[in-house]
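To keep things clear, I will list the structure first and then write my remarks on it.
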Amino acid sequence: MMYDILDDKTMDFLRDRFGIIGESELMREVILKLLKVAPTDLTVLITGETGTGKEVFAHALHGLSERNSQAFVSVNCGAIPETLLESELFGHEKGAFTGAVEQRKGFFEVAHKGTILLDEIGEMPIATQVKLLRILESGEFSRIGSSEVHKVNVRVIAATNRDLNYEIRNGRFRQDLYFRLNSFQLHLPSLRKHKEDIPLLAEYYASRIAKKNRVSYKGYTDEALDFLETHSWPGNIRELRNVIESVSTLEHGRIIDRIMLQKQIGEQDGLHASIPNEHAIILSSHAQQSNFPQESDIVFRTLLEMKNELIEIKRALAAIFEKTAQLEMQAQRAAEQSITEYPVITNNALPYPDEFSQDIHFNLEEMEKQLIQSALTKYAGNRRMAAKVLGISERTLYRKITDYQLSDSAS
């Protein structure tokens with residue numbers, strides 16, 4: 001369906017479904033473009049300052065398309081170390097690099113038939129840009145460590161707060177990739193360019209948080225709304241939303257006045273003044289990466305591995321607890337059966353069968369040791385099969401074998 005005008009019903013739908021709000025002429029033009037391009041498969045580049053709502057519009061592009069029943073995957077290209085980004089996007093094979101203990105699908109495979117948002121695309125390294133260009137042109141890619149070609153059907157949305165033409169002139173962004181991404185561009189204006197939308201946005205965020213907190217919404221004083229419209233909002237809509245939600249939560253449904261807003265904005269400004277600005281952080285990050293190209297990646301990868309191991313340990317412990325409970329129930333049933341079969345008590349002891357003469361309350365560590373040894377014995381020392389049945393990784397199993405001094409050969 002093509003849109004030439006925006007009626008109230010459409011605007012209400014966009015507000016309720018995606019949180020897109022704007023009655024100003026500037027925003028209505030952007031929204032019309034959104035509605036026209038969303039049903040297509042065109043690659044879309046969303047530009048605009050930080051906090052203007054780029055991810056919100058990306059969700060709307062997916063939600064208004066025929067792909068809306070498939071996956072929507074959002075990737076922040078600036079938050080993933082350079083050496084890991086390619087692996088995260090395209091996947092890797094087992095053993096492709098240190099720490100690649102298993103095959104892994106990349107974000108593009110996960111988003112097959114759906115939509116992928118490449119946020120902060122201006123942060124993507126040149127080497128990764130080459131592979132991205134290939135997948136945009138042909139849908140083909142290869143996992144790291146493999147020559148096998150895979151093909152996916154993914155709609156790509158890119159977003160950036162950088163001037164990509166400036167990045168191209170300085171050799172940090174490929175011009176051919178820019179042309180491919182820029183099939184259709186949505187530029188989101190800064191909030192200071194459509195201040196007439198501020199009262200609508202403020203009403204929306206305040207009423208939403210009041211409903212969430214189950215308090216009545218009493219609105220704003222005229223002075224409060226005047227103050228909101230005169231503030232510069234360097235953080236754009238995101239800053240406005242944070243201020244309104246904080247005030248609405250702290251004031252417990254009271255009518256919002258100018259003093260409340262000034263206090264909240266003052267506290268946020270004080271916080272911002274105590275930390276480096278975003279540009280300084282980016283420069284610092286690049287400087288650290290250039291001086292220490294590997295250390296930060298090693299730390300990042302180690303943290304990921306630690307997280308995975310913790311998950312595996314939790315699963316193993318849960319399995320152990322479940323097994324312990326089952327054994328205790330079996331022992332209790334056997335004990336009850338033994339009492340029935342051997343009702344005569346001699347020397348204050350029940351003549352239980354030999355297998356139930358020992359204490360049924362096993363030490364957790366001993367229980368884990370016995371389960372691991374049983375699995376190794378059952379699978380004739382095959383560590384991969386033993387780890388699979390125990391629900392832990394082979395690495396964790398190796399460590400447990402060493403810790404408990406177990407034999408991994410069949411007995």
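Where the second residue is of a type outside the set (Val, Ile, Thr) and not in a helix (DSSP H, G or I) and the first is in contact (Cβ under 8 Å) with a residue 12 or more places away in the chain and crowded, with 19+ Cβ neighbours inside 10 Å and lies in region 384-408, which pairs have Cβ atoms under 6 Å and are six or more apart or on separate chains?
Final answer for the pair search is Ala386/Tyr379.
Quickly run through region 246-262 and pick out the residues that are closer than 19 Å to Thr230 by Cα and either under 33 Å from the mean Cα position of the chain (by Cα) or among the polar types (S, T, N, Q) (or both).
Here is the first cut: in region 246-262, the ones closer than 19 Å to Thr230 by Cα are 247, 256-262.
Matches in region 246-262: Val247, Leu261, Gln262.
From the list Ile144, Ile126, pick out the single residue that is surrounded by fewer than 14 Cβ atoms within 10 Å (Cβ to Cβ) and over 21 Å from Gln185 (Cα atoms).
Exactly one residue qualifies, and that residue is Ile126.
For Thr98, state whether it is surrounded by fewer than 19 Cβ atoms within 10 Å (Cβ to Cβ) and not assigned by TED's automatic domain parsing to the domain that holds Ile198.
Considered against the rule, which asks whether it is surrounded by fewer than 19 Cβ atoms within 10 Å (Cβ to Cβ) and not assigned by TED's automatic domain parsing to the domain that holds Ile198, Thr98 comes out as yes.
Can we say Glu223 is more than 29 Å from Leu32 (Cβ to Cβ), acidic (Asp, Glu), without any contact (Cβ under 8 Å) to a residue 40 or more places away in the chain and not assigned by TED's automatic domain parsing to the domain that holds Ala60?
yes
Report whether or not Leu42 is touching a residue at least 40 places away in the same chain (Cβ under 8 Å), surrounded by fewer than 21 Cβ atoms within 10 Å (Cβ to Cβ) and not in a helix (DSSP H, G or I).
yes
Return the only residue of Ile168, Ile121, Ile157 being among the aliphatic types (A, V, I, L, M), touching a strand residue (DSSP E or B) at 6+ places or on another chain (Cβ under 9 Å) and either surrounded by fewer than 20 Cβ atoms within 10 Å (Cβ to Cβ) or closer than 15 Å to Leu85 by Cα (or both).
Ile121
Could you pull out every one of the helices (runs of 4 or more DSSP H) wholly within region 186-257 that has 3 or more residues that are closer than 30 Å to Thr43 by Cβ?
Per the criteria, 236-250.
Of all residues in region 55-98, count the ones that are closer than 21 Å to Arg15 by Cα and either without any contact (Cβ under 8 Å) to a residue 12 or more places away in the chain or among the β-branched types (Val, Ile, Thr) (or both).
3
Among the numbered conditions (1) in contact (Cβ under 8 Å) with a residue 60 or more places away in the chain; (2) among the β-branched types (Val, Ile, Thr); (3) over 26 Å from Glu137 (Cβ atoms), tell me where Ile20 comes up short.
(1)
If we scan region 198-206, do we find a residue that is in contact with a Gly (Cβ under 6 Å, 6 or more places away or on another chain) and not polar (S, T, N, Q)?
no
Can you tell me which residues in region 71-101 are touching a His at 6+ places or on another chain (Cβ under 9 Å) and in a loop (DSSP other than H, G, I, E, B)?
Ala71, Gly91, Ala100
The values are calculated or read from the model by the stated rules, or taken from the named source; none is laboratory data. Being a predicted model, the structure only gives us computed values, none of them experimental. All Cβ positions, glycine included, derive from the backbone under ideal geometry; neighbour counts span all protein chains shown.
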